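*Asks:* Let me give you the structure first, and then I'll get to my questions.
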Amino acid sequence: MTPAGRLDARLAPVLAQRRADGLWRACRALTPAPAGTVRLGGREVVSFCSNDYLGLAGEPRLAAAAAEELARSGTGSGSAHLIAGHREVHERLEQALAAWVGYERALLFSTGYMANLGVINALAEPGAAIFQDRLNHASLLDGGWLSRGRMHRYPHADTAALAAALAEAPSEPPALLVTDGLFSMDGDLAPLPALAQLAEAQGATLLVDDAHGLGVLGPGGRGSVAAAGLDAAQVPVYVGTLGKALGSFGAFVAGSATLIDFLVQRARTFIYTTAPPPAMAAATLAAVAICRAEPGRRRHLHRLVARFRAGAAARGLPVMPSSTPIQPLRVGEAALALELSARLLEAGFLVTAIRPPTVPPGTARLRITLSAAHTDSQVADLLVQLDRLVPMSLRSAQTDACAG
Ligand SMILES: *Cc1c(COP(=O)(O)O)cnc(C)c1O
C-alpha cells in the first residue's frame, strides 16, 4: 500500500462510523437570493439558518463600500497588521467599533475563532484558572485548552456552581471568566450581571464573546453587555464578530487602550497572520453605520421573534426558552433532526439540524434563526410546516418534561 493509501485506510473507518451514527457532515453549495431565500439545487428555498440577523450580508450599500475600496486598494492587504498590512480603513473601523460598543479601543482579528484563541492565550498566565460555561462556543473552549491556563467548565449558566469553583481557585495568577453573551446553539442569554459581580468579587477578568448579540441586542444594537446594563468597567474584554449581524467578515476585541496595546504585543493570532482585506473593513464600516442609524431592522426582527414564539407555543412545538433570533426546536435524536430538516427542505425551508458534537449527545435540534430579511408570511409559512411535520410525540415529551 502507498503512504496515501495507508492514510485513507486509517481514516475510512472513522468516516463509516460517523455516517452510521447519523453524524455525517458535508457542505452544500447554495446561492443567496433576495428576501431571506437561497437557491439550492435549482430551487429557491427560504433560509432559516443563517446568522445574517439584520439581512446586511446582501445589502447593496455594503457591497458598494467594498467595491469602492477594492478599486482603490485591491484585494489583499499583503501582510500582517504589524508589517505593512494595516490600512487607514482598518484604523477607521477600529475606532468606529470601539465608539459603538463603548470601549476605549478595538483591535481587528481575521475571524472570531482567531480573536478568541488570541485573546485567551494572551491573557491566561501559566497556571491561571480559566472558567468557561459548558456551552461556550468551540473557539472559546479551544482557546482555553490551547493556553497554559487550567480549564474549568461550569454547568450552563449555573452561577452558584461557578461561585463555588471560583472561591476554590487561587487568586494568583488572576482567573479568567469566559462566556458567550448569547449562546449560539440555545439562544439564551448569559447571566451577565451575576457573572460580572462574581468576577469583581474574586478578582477575575470577565471576557464576553458577543458574536450573536452584537447588532441584535441592547440599545443601538450595542450587544448583550449593554443590554444587561453593564459597560467596559465591569466587562473589560469584549469580543465581537463581524460575519453575523454585521453581514461582513472578521472580528474584534474591544477594551482599554492598555488591553489593546497588550494584545498587539502578545496575541499571536493577531501578530502572525495576514490583515483582513481592506475592502471587507470598508464593508463593515458601512454595516456599523447602518446598525446605528436604522433601528427599524432590529424592531422588525424582534417582532418576528415574538410572532414565531407565539405561533410555536400555540402549536405546542418544543422550542427552547429563548427571546432572541435563535429559536432552536429541541428534537433529541440526531437521525430525527436530520429527517425533519430534510422534510422541511422538501417543503421549501432550509433549517439545519444541529447534532453532537456541536451540542451535547441526545440534544440534537433544529436551529431556527430569524432575520430582519424575513417577512411575516415566511415565518407564518414555516410555522405551518413545523406543525405538519413535527411529531406529536415530541410535543407531548416536551410537555411532560416541563411538567416534571
Ligand atoms: C461564530 C462564532 C465565533 C466565530 O466567529 P467567526 O468570525 O465565524 O470565526 C466565535 N464565537 C461565537 C460565540 C460564535 O458564535
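The values are calculated or read from the model by the stated rules, or taken from the named source; none is laboratory data. Since the structure is predicted, the reported quantities are computational estimates derived from the model, not experimental observations. Heads up, the Cβs are rebuilt from the backbone with ideal geometry, glycines too, and the neighbour counts pull from every protein chain shown. Quick note on the areas: whole protein, heavy atoms, side chains included, nothing else; ligands and nucleic acids left out. Shrake-Rupley method; radii C 1.70, N 1.55, O 1.52, S 1.80 Å.
*Asks:* Top mean-square fluctuation among Leu56, Leu386, Leu140, Gaussian network model of the chain, C-alpha springs under 10 Å?
*Replies:* Maximum fluctuation in the GNM of the chain, among the listed residues, is at Leu386.
*Asks:* Would you work out the charge dipole size for the chain about its Cα centre, treating the Cβ of every Lys and Arg as +1 and the Cβ of every Asp and Glu as -1, and quote it to the nearest 20 debye? Intermediate results must be reported in sequence, preceding the final value.
*Replies:* Details: 36 positive and 33 negative charges, 204 e Å.
It works out to roughly 980 debye.
*Asks:* I've got another one for you. Rounded to the nearest 10 Å², what accessible area does Cys27 show when all protein chains are kept and the probe is 1.4 Å?
*Replies:* Approximately 140 Å² for this residue.
*Asks:* Continuing with the same structure: Arg315 to Glu294: extension gain in nm, 0.36 nm per residue of separation minus the Cα-Cα distance?
*Replies:* 4.2 nm
*Asks:* Please work out the average accessible area per residue across the chain, using the 1.4 Å probe convention, and give it in Å².
*Replies:* 44 Å²
*Asks:* In the neighborhood of Ala312, defined by Cβ-to-Cβ distances under 11 Å, what is the net charge if each Lys or Arg adds +1 and each Asp or Glu adds -1?
*Replies:* After counting each charged neighbour, the total is +3.
*Asks:* Still on this structure, please answer the following. Accessible surface of Ile83 in the full protein assembly, 1.4 angstrom probe, to the nearest 10 Å²?
*Replies:* Estimated to the nearest 10 Å², Ile83 gives 140 Å².
*Asks:* Now for a different question. Once the Cβ-Cβ distance between Ala233 and Thr2 is put in as r, and R0 is 56 Å, what FRET efficiency do you end up with, to the nearest 0.05? Write down the numbers at each step before the final one.
*Replies:* On the way: r = 61 Å, r/R0 = 1.09.
Result of the calculation: an efficiency of 0.40.
*Asks:* If you plug each phi of the stretch 37-47 into the Karplus form 6.51 cos²θ - 1.76 cosθ + 1.60 with θ = phi - 60°, what whole-Hz ³J(HN,Hα) values come out, in order, with x for Gly and Pro?
*Replies:* Taking θ as phi minus 60°, the curve returns 9, 9, 9, 9, x, x, 10, 9, 10, 8, 8 Hz for the stretch 37-47.
*Asks:* Dipole magnitude of the stretch 221-341 about its Cα centre, charges +1 at Lys/Arg Cβ and -1 at Asp/Glu Cβ only, in debye to the nearest 20? Don't jump to the answer; show the numbers that get you there.
*Replies:* On the way: 13 positive and 5 negative charges, 82 e Å.
Computed about the Cα centre, the dipole is about 400 debye.
*Asks:* Along the positive direction of the dipole of the stretch 295-399 (beta-carbon charges: Lys, Arg +1; Asp, Glu -1; about the Cα centre), which of Ala310, Ala380, Ala353 reaches farthest?
*Replies:* After comparing all options, I get Ala310.
*Asks:* Roughly what % of Cα-Cα distances in the stretch 250-404 sit above 25 Å, to the whole percent?
*Replies:* So the pairs more than 25 Å apart make up 48 percent of the total in the stretch 250-404.
*Asks:* Antiparallel DSSP bridges in the stretch 94-246: what percent, to the nearest 5?
*Replies:* 5 percent
*Asks:* Moving on. Just going by the charge dipole of the chain, with Lys and Arg at +1 and Asp and Glu at -1 on Cβ, which of Gly223, Leu40, Gly127 is farthest out on the positive end?
*Replies:* Leu40
*Asks:* Going highest first, how would you order 166-174, 374-382, 106-114, 8-16 by mean Cβ packing within 10 Å? Walk me through the numbers on the way to the answer.
*Replies:* Details: 166-174: 13.7, 374-382: 16.2, 106-114: 22.0, 8-16: 10.0.
Taking the mean over residues of other Cβ atoms within 10 Å, the ranking is 106-114, 374-382, 166-174, 8-16.
*Asks:* Answer with one residue from Leu394, Gly143, Ala204: the one whose Cα lies farthest towards the positive end of the charge dipole of the chain, charges on Cβ with Lys, Arg +1 and Asp, Glu -1.
*Replies:* With unit charges placed on the Cβ atoms, the residue in question is Leu394.
*Asks:* Also, quick follow-up: Hey, could you grab the Kirkwood Rh for the stretch 93-211? Inverse mean 1/r over distinct alpha carbon pairs, Å, one decimal.
*Replies:* 14.5 Å
*Asks:* For Gln197, put the label point 7 Å out on the Cα→Cβ axis and report which residues of the stretch 142-166 keep their amide N under 18 Å from it.
*Replies:* Under cut-off, by backbone N: 157-166.
*Asks:* Same structure again: With the Cα gyration tensor of the stretch 213-292 giving a ≥ b ≥ c as the square roots of its eigenvalues, does the rule (a/c under 1.5 for rounded; else a/b larger than b/c for prolate; else oblate) give rounded, prolate or oblate?
*Replies:* Values: a/c = 2.49, a/b = 1.11, b/c = 2.23.
Oblate, since a/c reaches 1.5 and b/c is not below a/b.
*Asks:* Convex hull volume of the Cα atoms in the stretch 116-173, per residue, in Å³?
*Replies:* 65 Å³
*Asks:* Taking the C-alpha atoms of the stretch 274-318, how large are the radius of gyration and the largest Cα-Cα span, Dmax, in Å?
*Replies:* 17.3, 51
*Asks:* Moving to a separate point now. When the accessible area of the chain is computed with all protein chains present and a 1.4 Å probe, what percentage of it is carbon and sulfur?
*Replies:* 57 percent
*Asks:* While we're on this one: So which residue, out of Asp231, Asp52, Asp186, gets the largest mean-square fluctuation from a GNM of the chain using Cα contacts under 10 Å as springs?
*Replies:* Sorting by GNM fluctuation, first place goes to Asp231.
*Asks:* Shifting gears a bit: What shape does the stretch 40-146 take by its C-alpha gyration tensor, where a ≥ b ≥ c are the square roots of the eigenvalues and a/c under 1.5 counts as rounded, a/b above b/c as prolate, and the rest as oblate? Numbers along the way, then the final one.
*Replies:* Details: a/c = 2.08, a/b = 1.23, b/c = 1.68.
Note, shape of the stretch 40-146 comes out oblate.
*Asks:* Right, next: Out of all DSSP beta bridges in the chain, what portion is antiparallel? Express it as a percent rounded to 5.
*Replies:* 60 percent
*Asks:* Then there's this: How do Trp24, Trp145, Trp100 stack up against each other in accessible area, from largest to smallest, with a 1.4 angstrom probe? Could you put the intermediate results ahead of the total?
*Replies:* Values: Trp24 85, Trp145 140, Trp100 5 Å².
Ranking Trp24, Trp145, Trp100 by accessible area, largest first, yields Trp145, Trp24, Trp100.
*Asks:* Rounding to the nearest 20 debye, state how big the charge dipole of the stretch 1-121 is about its Cα centre with +1 on each Lys and Arg Cβ and -1 on each Asp and Glu Cβ.
*Replies:* 640 debye
*Asks:* Taking each pair of distinct Cα atoms in the chain once, what is the resulting Kirkwood hydrodynamic radius in Å?
*Replies:* Details: mean 1/r = 0.0447 Å⁻¹.
Final number for the Kirkwood radius of the chain is 22.4 Å.
*Asks:* If I take all pairs of Cα atoms in the stretch 165-223, what percentage of them are more than 18 Å from each other? Spell out each step's value before the answer.
*Replies:* Details: 686 of 1711 pairs.
That fraction is 40 percent.
*Asks:* At Ala12 and Arg28, where each label point lies 7 Å from the Cα along Cα→Cβ, what is the point-to-point distance in nanometres?
*Replies:* Here the answer is 2.8 nm between the modelled labels.
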